[in-house]
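The values are calculated or read from the model by the stated rules, or taken from the named source; none is laboratory data. Quick caveat, the model's predicted, so the values are computed rather than measured. As a convention, Cβ positions derive from the backbone with ideal geometry for all residues, glycine included, and neighbour counts pool all protein chains shown.
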Amino acid sequence: MKATARAHSNIAFVKYWGRKDESLRLPTNGSISMNLSNLYTTTTVEFISSLKQDDIVVNGVRDKAINRRISKHLDRVRSITKKKLLAKVVSQNNFAADAGMASSASGFAALTVASIAATGVHLSEKELSILARQGSGSACRSIPDGFVEWLGGDTSEESYAYSLFKPNHWDICDVIAVISSKKKDIPTSIGQQNAQTSVFFNTRLKHINEKIKRCKELLKEKNFDEFGKLVELEALELHSIMFTSWPSLIYWEPVSLTVMKTVAKLREEGIPAYFTIDAGPNIHIVCFKKYVEGVKKRIDTIPGVSETIMNTASTGSHLIEDHLF
Ligand code: PMV
């Protein structure tokens, strides 16, 4: 059977950085995110008896390292579903991979949903989230709809994401200032392993549960200014840990800083907007829909910003009928 899934990338408001179990990808702390409407991966999977090895094409390319990681994930699927067949996989992003826009999140979420459906086995949303997490941590948050919490958990069964609110809960947007679409020098998986070398890491862990609780309250109350402050400070905290880990990670480019300062200026001028940043130089600007045009206009004029991508909160992963082969 052939199945195709679409999964959206997500932006974390409270971040996942550091793991307490490398092979299971158990995070040191829980996190909160929103699925992004305009960044997604489409993946078609078919298990075929004549194949001698998995046949995998991602964004038009057969890349050995990427394909090894995908085959490993297919092994998890084969093990859970007790199927032995090898698979043909074709996957396509509608955005640049590996540039800090969480392509591994949407990629592994789409792969999980498509490959499980292609085996004909049914898994619950929670089971899909647990499985996706093992491919790429943040992928577990791209399974449920809208605004999502990933429960850190102490075991694999306890570490999964669920929907806090549906996409229509709040009309906040994420305008991404795309600064570089080049592949990252140091992948997040290495950064995740080294997070604990930062002197700030334990300090972060002391208040992280309180922060997650507060973030959920602010989302529920739709208290935008307090929410924005929390989100912006959280991003700066994450990057302080990245700067002070060894080897140190400086994902920012000079233009990243210019955009951050422009966001502060927009606020002074009366436009409520706050930024957040993942593992890359791009800046995500959170604001209400009615301010998007104004924000875009301003950010688009900054030299070094190649484009801006507007996202609303979106659904999680789902099956679609348009197969890629
Ligand atoms: O899932 P990974 O290993 O790509 O890590 C994602 C890490 C951040 O994007 C920096 C934070 C997050 O929670 O998404």
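Quick check, is R204 within 16 Å of the chain's Cα centre (by Cα) and not small (G, A, S)? Before you say what the answer is, go through the steps one by one.
Numbers: within 16 Å of the chain's Cα centre (by Cα): no; not small (G, A, S): yes.
Spelling it out, it is not the case that R204 is within 16 Å of the chain's Cα centre (by Cα) and not small (G, A, S).
Take the residues of the stretch 94-128 that are polar (S, T, N, Q) and modelled with pLDDT under 95: which is nearest to the ligand (Cβ to nearest atom)? Show your work before the answer.
Of all residues in the stretch 94-128, those polar (S, T, N, Q) come to 94, 103-104, 106, 112, 115, 119, 124.
Among the residues that remain, those that are also modelled with pLDDT under 95 are: 94, 103-104.
Working: N94: 18, S103: 9, S104: 5 Å.
Result: S104.
Check V259, V295 and return the single one that is more than 29 Å from I208 (Cα to Cα) and surrounded by 17 or more Cβ atoms within 10 Å (Cβ to Cβ). Working first, answer last.
On the way: V259 fails: more than 29 Å from I208 (Cα to Cα).
Result of the check over V259, V295: V295.
Are any residues in the stretch 255-273 closer than 19 Å to K289 by Cα and not aliphatic (A, V, I, L, M), and if so, which ones?
T262, K265, R267, E268, E269, G270, P272
Which of the following residues is within 15 Å of the ligand (Cβ to nearest atom) and without any contact (Cβ under 8 Å) to a residue 24 or more places away in the chain: S189, S240? Spell out how you get there, then give the answer.
Working: S240 fails: without any contact (Cβ under 8 Å) to a residue 24 or more places away in the chain.
Result: S189 is the single residue among S189, S240 that is within 15 Å of the ligand (Cβ to nearest atom) and without any contact (Cβ under 8 Å) to a residue 24 or more places away in the chain.
Might you check whether a residue that is more than 19 Å from T42 (Cα to Cα) and either among the β-branched types (V, I, T) or not assigned by TED's automatic domain parsing to the domain that holds D300 (or both) occurs anywhere in the stretch 85-107?
Keep residues of the stretch 85-107 that are more than 19 Å from T42 (Cα to Cα), which gives 85-86.
Retained after the next criterion (residues that are either among the β-branched types (V, I, T) or not assigned by TED's automatic domain parsing to the domain that holds D300 (or both)): 85-86.
Within the stretch 85-107, one or more residues are more than 19 Å from T42 (Cα to Cα) and either among the β-branched types (V, I, T) or not assigned by TED's automatic domain parsing to the domain that holds D300 (or both).
Looking at the stretch 242-266, which of its residues are hydroxyl-bearing (S, T, Y) and at pLDDT 95 or above?
The answer is T244, S245, S256, T258, T262.
What number goes with the only condition from (1) under 14 Å from W17 (Cα atoms); (2) surrounded by fewer than 18 Cβ atoms within 10 Å (Cβ to Cβ); (3) touching a residue at least 40 places away in the same chain (Cβ under 8 Å) that T203 does not pass?
(3)
Within the stretch 140-164, count every residue that is of a type in the set (G, A, S) and surrounded by fewer than 24 Cβ atoms within 10 Å (Cβ to Cβ). Please lay out each step first, then the result.
Residues of the stretch 140-164 of a type in the set (G, A, S): 142, 146, 152-153, 156, 159, 161, 163.
From the residues that got through so far, the ones that are surrounded by fewer than 24 Cβ atoms within 10 Å (Cβ to Cβ) too are 146, 152-153, 156, 163.
Adding up the residues that qualify gives 5.
Determine whether the stretch 157-175 contains at least one residue that is out of contact with any strand residue (DSSP E or B) (no Cβ under 9 Å at 6 or more places or on another chain), more than 15 Å from the ligand (Cβ to nearest atom) and modelled with pLDDT of 95 or more.
Within the stretch 157-175, the first condition is being out of contact with any strand residue (DSSP E or B) (no Cβ under 9 Å at 6 or more places or on another chain), and the residues that meet it are 157.
Pick out the ones that are also more than 15 Å from the ligand (Cβ to nearest atom) and you get 157.
This time we only want the ones that are modelled with pLDDT of 95 or more, so: 157.
The answer is yes, given that some residue of the stretch 157-175 is out of contact with any strand residue (DSSP E or B) (no Cβ under 9 Å at 6 or more places or on another chain), more than 15 Å from the ligand (Cβ to nearest atom) and modelled with pLDDT of 95 or more.
Picking from G228, G294, G270, which residue would you name as being under 30 Å from N194 (Cα atoms), at pLDDT 95 or above, more than 15 Å from the ligand (Cβ to nearest atom) and out of contact with any helix residue (DSSP H, G or I) (no Cβ under 7 Å at 6 or more places or on another chain)?
Details: G294 fails: under 30 Å from N194 (Cα atoms); G270 fails: under 30 Å from N194 (Cα atoms).
Matching residue, one of G228, G294, G270: G228.
Away from the ligand (no atom under 16 Å from the Cβ) and polar (S, T, N, Q) - does that describe any residue in the stretch 129-140?
Start the filter on the stretch 129-140 by keeping residues that are away from the ligand (no atom under 16 Å from the Cβ), which leaves none.
So far as the stretch 129-140 goes, no, none of its residues is away from the ligand (no atom under 16 Å from the Cβ) and polar (S, T, N, Q).
Does the stretch 1-39 hold any residues that are within 23 Å of T119 (Cβ to Cβ) and more than 16 Å from the ligand (Cβ to nearest atom), and which are they?
M1, K2, A3, T4, A5, R6
Name the pairs whose Cβ atoms lie under 8 Å apart, with the first residue in the stretch 141-158 and under 11 Å from S9 (Cα atoms), the second acidic (D, E), and 6 or more positions between them or separate chains?
I143/E125
Can you confirm whether D75 is exposed (fewer than 15 other Cβ atoms within 10 Å of the Cβ), of a type outside the set (V, I, T) and either under 20 Å from C140 (Cα atoms) or in contact with a helix residue (DSSP H, G or I) (Cβ under 7 Å, 6 or more places away or on another chain) (or both)? Reasoning before the result, please.
Working: exposed (fewer than 15 other Cβ atoms within 10 Å of the Cβ): yes; of a type outside the set (V, I, T): yes; either under 20 Å from C140 (Cα atoms) or in contact with a helix residue (DSSP H, G or I) (Cβ under 7 Å, 6 or more places away or on another chain) (or both): yes.
Yes: the conditions hold for D75.
Determine whether the stretch 49-60 contains at least one residue that is surrounded by 21 or more Cβ atoms within 10 Å (Cβ to Cβ), within 16 Å of the ligand (Cβ to nearest atom) and touching a residue at least 12 places away in the same chain (Cβ under 8 Å).
So far as the stretch 49-60 goes, yes, one or more of its residues are surrounded by 21 or more Cβ atoms within 10 Å (Cβ to Cβ), within 16 Å of the ligand (Cβ to nearest atom) and touching a residue at least 12 places away in the same chain (Cβ under 8 Å).
For the stretch 10-124, which strands (runs of 3 or more DSSP E) that fit wholly inside it have 3 or more residues that are within 30 Å of T312 (Cβ to Cβ) and not acidic (D, E)?
Numbers: elements: 19-21, 31-48, 55-58, 86-93.
Qualifying strands (runs of 3 or more DSSP E): 31-48, 86-93.
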